[in-house]
Amino acid sequence: MNLYHDTMENCAPPEGMRERLKENVLSAQPGGARTYRPRKKRTAALLLAAVLLLGTSATTIWDPLFVRRFGPQAALSALGGAVFQEVNLTSVCDDVSLTVTQALCSDKNIHFILEYKLPEGAPQGHYNFPLLYYYGTGSYTWEELRDACREDWDKQDWSNWQSFSSDYMQSEANPLWPSRLSKDSSSGSFSGEPEDGVLTFCFSVDFQADVDLTAQPLTILATPPCFEGEDGTRIAVTDHPAIITFQPVYNGPQALRAVLDEGEVKITATLSPFSLALETEGMGYPSYEDMVKDARLVTRDGGEKKVSLMGYTNGGSGLVDAGSGEAKEVSTTVHFLLLTDISEFTALRMGDYTIPLE
């Protein structure tokens, strides 16, 4: 049984419930505020962000960070129920701990709230982001990974990401490396300062087409956050990374793919409720922005929806032809402003090509 599609056909909120919840959630949104707080300091806002997940006919509290990002309409929708996961899992890693409170997940994307509890007595000033690494495995507990890696961890300068990222994390010395998951893009937000010894982050990750997040457990490794010492040097808050493992759950439509390979022209796209990943070769686009402007999704009634009006990019990449100086390959990921029901679309249109979504 597909809970998402069943609820789309059969469920509706009680009369007046949608309007009341939307009004309450909107009133809780601070205008332009970007300061994020740990859960125990957000009780009032959390209560106002309570929404009815139509897929389960149960009242569930969405974190205000998710409501701010996707809007109250997403929280009230059946698709919102399909992507939402209440995790509330904590992993104690010696002197620090990680907690994943909630996640919004598809088979290709995940947005999640991560709390990093600092060691006792750690400075309460500004911190930099930790680096996160993602692995499709549940093979290691914290204690097993620590015991296997302690000697290598002691050799790392955790305040210098350029050193440990290339020399250790992305090498066979890291026992998690064979289970790494390939990403298209990632981003994160947080206030920079702890509250009651806890840093709270909101992370978003788009994985590549060969990844199915729901097929296996997800292990997230976080390197130590850093703060600035009195002499201006970066100092890692502890001498080891931390890990947390959970099983992503998603009960909505699987990602759709569009693939074209005609001589020198190649187009690939992956469409999920959160994003559209695009890559083209031989289309003559000067940059990824031009590619996005030209991309259109074809609806079931034959209409078109411009991709550039559906979301934003965090940059892109291109391969320049050495002879002509023109971009030969361009790629980017468009992050949708709203949760998108991908079953509404049948094809991707770029230039004169119309490519079925399957």
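The values are calculated or read from the model by the stated rules, or taken from the named source; none is laboratory data. Computed from a predicted structure; not experimentally measured. Ideal geometry is used to build each Cβ from the backbone, glycine not excepted, and the neighbour counts take in all protein chains shown. Surface accessibility is based on the protein's heavy atoms, side chains included, excluding ligands, DNA and RNA. Shrake-Rupley method; radii C 1.70, N 1.55, O 1.52, S 1.80 Å.
Annotations
Each row is one residue, and each column tells you yes or no for (1) within 30 Å of PHE70 (Cα to Cα); (2) of a type outside the set (Phe, Trp, Tyr); (3) in contact (Cβ under 8 Å) with a residue 40 or more places away in the chain.
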site: PHE227; (1), (2), (3): no, no, yes
site: GLU230; (1), (2), (3): no, yes, no
site: HIS240; (1), (2), (3): no, yes, yes
site: THR332; (1), (2), (3): yes, yes, yes
site: HIS335; (1), (2), (3): yes, yes, yes
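- Some residue of the stretch 199-222 being of a type in the set (Gly, Ala, Ser), free of Cβ contacts under 8 Å to residues at least 60 places away in the same chain and at negative phi: no
Residues are listed down the side, and each one gets a yes or a no for (1) modelled with pLDDT under 95; (2) outside any strand (DSSP E or B); (3) more than 19 Å from VAL100 (Cα to Cα):
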| residue | (1), (2), (3) |
| --- | --- |
| GLY188 | yes, no, no |
| GLU193 | yes, yes, no |
| ASP206 | yes, no, no |
| VAL211 | yes, yes, yes |
| LEU221 | no, no, no |
| PRO224 | no, yes, no |
| PHE227 | yes, no, yes |
| GLY232 | yes, yes, yes |
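- Looking only at the stretch 190-221, and only at residues there that are within 29 Å of ARG257 (Cα to Cα) and among the hydroxyl-bearing types (Ser, Thr, Tyr), the one that is surrounded by the most Cβ atoms within 10 Å (Cβ to Cβ): THR219
- Contacts under 6 angstrom Cβ, first residue in the stretch 265-293 being closer than 10 Å to THR332 by Cα, partner of a type in the set (Gly, Ala, Ser) and open to solvent by 40 Å² or more (accessible area, probe 1.4 Å), 6 or more apart: TYR288/GLY316; VAL292/SER308
- Residues in the stretch 270-297 that are out of contact with any Gly (no Cβ under 7 Å at 6 or more places or on another chain), open to solvent by 10 Å² or more (accessible area, probe 1.4 Å) and of a type in the set (A, V, I, L, M): ALA277, VAL292.
- Some residue of the stretch 300-308 being under 22 Å from the mean Cα position of the chain (by Cα), modelled with pLDDT of 95 or more, of a type outside the set (D, E, K, R) and closer than 26 Å to LEU76 by Cα: yes
- Of all the residues in the stretch 238-261, those that are open to solvent by 20 Å² or more (accessible area, probe 1.4 Å) and more than 21 Å from THR332 (Cα to Cα) number 6.
- Exclusive hit being touching a Ser or Thr at 6+ places or on another chain (Cβ under 6 Å) and at pLDDT below 95, set LEU46, LEU53, LEU98: LEU53
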